[in-house]
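The values are calculated or read from the model by the stated rules, or taken from the named source; none is laboratory data. Computed from a predicted model, the values in this text were never measured in an experiment. Quick reminder, even Gly has a Cβ in these numbers, built from the backbone with ideal geometry, and neighbours come from all protein chains shown.
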Amino acid sequence: MGSDSTTKWIDTTIGGVVDIFDYKRIPLSGNERKQRQGPYPYYGASGIIDYIDDFIFDGRHLLIAEDGENLNSRKLPVAFFAQRKFWVNNHAHIVRAKNGVADDHFLFAWFAQANISGYITGAAQPKLSQANLKRIELRLPPLPTQRKIASILSAYDDLIENNLRRIKILEEMAQALYREWFVKFRFPGHEKVRMVDSPLGKIPEGWEVSLMKDVVEVIDCLHSKKPEASEEGVGILIQLFNVVDGGKLDFSRKYMISENDYVKWTSRIEVSEGDCVITNVGRIAAVAQMPTGVKAALGRNMTGVRPIAGKLTPTYLIEYLLSPHMEDEVRRKKDAGAIMDSLNVRGIYLLSVPIPCGTLMHDFEAIARPIRRRVELLVEQNYNLRQTRNLLLPKLISGELDVSDLDIYIPEEAA
């Protein structure tokens, strides 16, 4: 960092750079919120927890968690933005950067990397009081530099958010096509096919209903003690937290294990491209498909499902597992007592799968596989963007990377 910019950085406190609006907060009980359902977000310590019929705040504010386990674990951001009209309970501080002193987006980024553990009290119930919030020390660059730093980091956030929107659209496209062809039975040429009875209700003539055990390999995880994580690990042991919405695996957190443990935990199956993972407990029947170029071991409380060549295609499998067919099957089996509070290998064996005749499944694969592959690439791109952003974040916030002389466009709203 240049000497000129160094002299302009100041040592200050959060209390000296923000206005605090906690006095406006009004907590509502669950029963009160139930009687007041509406369109306005109701925020707690870590984000939106309900929607109600009125608002207290209007416009962008920075919310900072006041209490809760997340203050220590940092599984979620401790500071986050609330926009437009909203309500806040008494578990989050509401602040805005002082005009002409600080930038909200810079402060948001600062909290993302700051160690504030010294200001948190309470072991059983961690708390960041307003008094301690005000006492938090930080080194603040000049306002133009704050805005440049915020602009750089926001560019990464915008790219990530744009990719997330694209992922959602692509996932909806693939699932909509599956539902159109294989749930509503409006596939090409359906007008000429009559419907017949089956264990799943009416299906097109020529289709079959197979049990999962006849069209896929179902491989249980090991039921051994979970191996220790290893910083020098050679392989990934999939954890329940890796299984996320939309049939995806999020490997931004990798549980790496040693070579000996990896050999042991892949003795039944090493899941790879096209294989699916189904969770057995907790979020019962949460599913995900292994992306291209990744191999891993199955962690505890999950089952591997591998399509049998010639019986089922990979994209048909994952879209079936994400479809109403799967939801209905799990519900039906639970009602019948075949599946209780967990979905084990025996339960998966008994799931019924509609199998279309002719080339329809392969026609679907030809359309839907490129869509799923695009999702995988965008997920990978977002992982790389987050990694780069996280590397830059502390260097920018500390001033190690000097941006004072950079010619960066700052949006009018930010300025």
So, in segment 199-209, how many residues would count as being within 18 Å of residue 326 (Cβ to Cβ), more than 33 Å from the chain's Cα centre (by Cα) and in contact (Cβ under 8 Å) with a residue 40 or more places away in the chain?
5
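Which is touching a Gly at 6+ places or on another chain (Cβ under 8 Å), of a type in the set (Val, Ile, Thr), in contact (Cβ under 8 Å) with a residue 12 or more places away in the chain and more than 23 Å from residue 115 (Cα to Cα), of 52, 56, 26? Please lay out each step first, then the result.
Working: 56 fails: touching a Gly at 6+ places or on another chain (Cβ under 8 Å); 26 fails: touching a Gly at 6+ places or on another chain (Cβ under 8 Å).
Residue meeting the stated conditions: 52.
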As an exercise: evaluate residue 140 against (1) at pLDDT 95 or above; (2) under 30 Å from residue 246 (Cβ atoms) and give the number of the one condition it does not meet.
(2)
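Would you point out which residue out of 72, 31 is outside any loop (DSSP other than H, G, I, E, B) and free of Cβ contacts under 8 Å to residues at least 12 places away in the same chain? It would help to see each step written out before you state the result.
Working: 72 fails: free of Cβ contacts under 8 Å to residues at least 12 places away in the same chain.
After applying the criteria, what remains is 31.
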Of all the residues that make up segment 122-180, how many are assigned to a helix (DSSP H, G or I) and within 24 Å of residue 407 (Cα to Cα)?
18
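Any residue in segment 200-208 that is of a type in the set (Phe, Trp, Tyr), part of a loop (DSSP other than H, G, I, E, B) and either over 30 Å from residue 181 (Cα atoms) or modelled with pLDDT of 90 or more (or both)?
Looking only at segment 200-208, we keep the residues that are of a type in the set (Phe, Trp, Tyr), and these are 207.
Checking which are part of a loop (DSSP other than H, G, I, E, B) leaves us with 207.
Now restrict to residues that are either over 30 Å from residue 181 (Cα atoms) or modelled with pLDDT of 90 or more (or both): 207.
Scanning segment 200-208 turns up at least one residue that is of a type in the set (Phe, Trp, Tyr), part of a loop (DSSP other than H, G, I, E, B) and either over 30 Å from residue 181 (Cα atoms) or modelled with pLDDT of 90 or more (or both).
Pick out the one residue from 205, 180, 161 that is surrounded by fewer than 17 Cβ atoms within 10 Å (Cβ to Cβ) and closer than 30 Å to residue 252 by Cβ.
None of the other options fit; the residue is 161.
Take segment 360-384 and flag every residue that is of a type in the set (Val, Ile, Thr) and either over 19 Å from residue 275 (Cβ atoms) or not in a helix (DSSP H, G or I) (or both).
The initial filter retains those residues of segment 360-384 that are of a type in the set (Val, Ile, Thr), namely 367, 371, 375, 379.
367, the sole residue that qualifies.
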Among (1) closer than 30 Å to residue 400 by Cα; (2) without any contact (Cβ under 8 Å) to a residue 60 or more places away in the chain; (3) out of contact with any helix residue (DSSP H, G or I) (no Cβ under 8 Å at 6 or more places or on another chain), there is one condition residue 12 misses while meeting the rest; what is its number?
(2)
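The rows are residues; the columns are (1) under 30 Å from residue 182 (Cβ atoms); (2) modelled with pLDDT of 95 or more.
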position: 349; (1), (2): yes, no
position: 354; (1), (2): yes, no
position: 365; (1), (2): yes, yes
position: 400; (1), (2): no, no
position: 407; (1), (2): no, no
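May I ask you to say which residue of 248, 225 is over 21 Å from residue 350 (Cα atoms) and surrounded by 15 or more Cβ atoms within 10 Å (Cβ to Cβ)?
Values: 225 fails: surrounded by 15 or more Cβ atoms within 10 Å (Cβ to Cβ).
Exactly one residue qualifies, and that residue is 248.
Listed residues 277, 263; which is free of Cβ contacts under 8 Å to residues at least 40 places away in the same chain, under 17 Å from residue 351 (Cβ atoms) and in contact with a strand residue (DSSP E or B) (Cβ under 9 Å, 6 or more places away or on another chain)? Outline the logic, then answer.
Working: 263 fails: under 17 Å from residue 351 (Cβ atoms).
Exactly one residue qualifies, and that residue is 277.
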Please verify whether residue 217 is under 23 Å from residue 320 (Cα atoms), in a strand (DSSP E or B) and among the charged types (D, E, K, R), treating the condition exactly as stated.
yes
Tell me the residue from 78, 101 that is surrounded by fewer than 20 Cβ atoms within 10 Å (Cβ to Cβ), β-branched (Val, Ile, Thr) and touching a residue at least 12 places away in the same chain (Cβ under 8 Å), please.
101
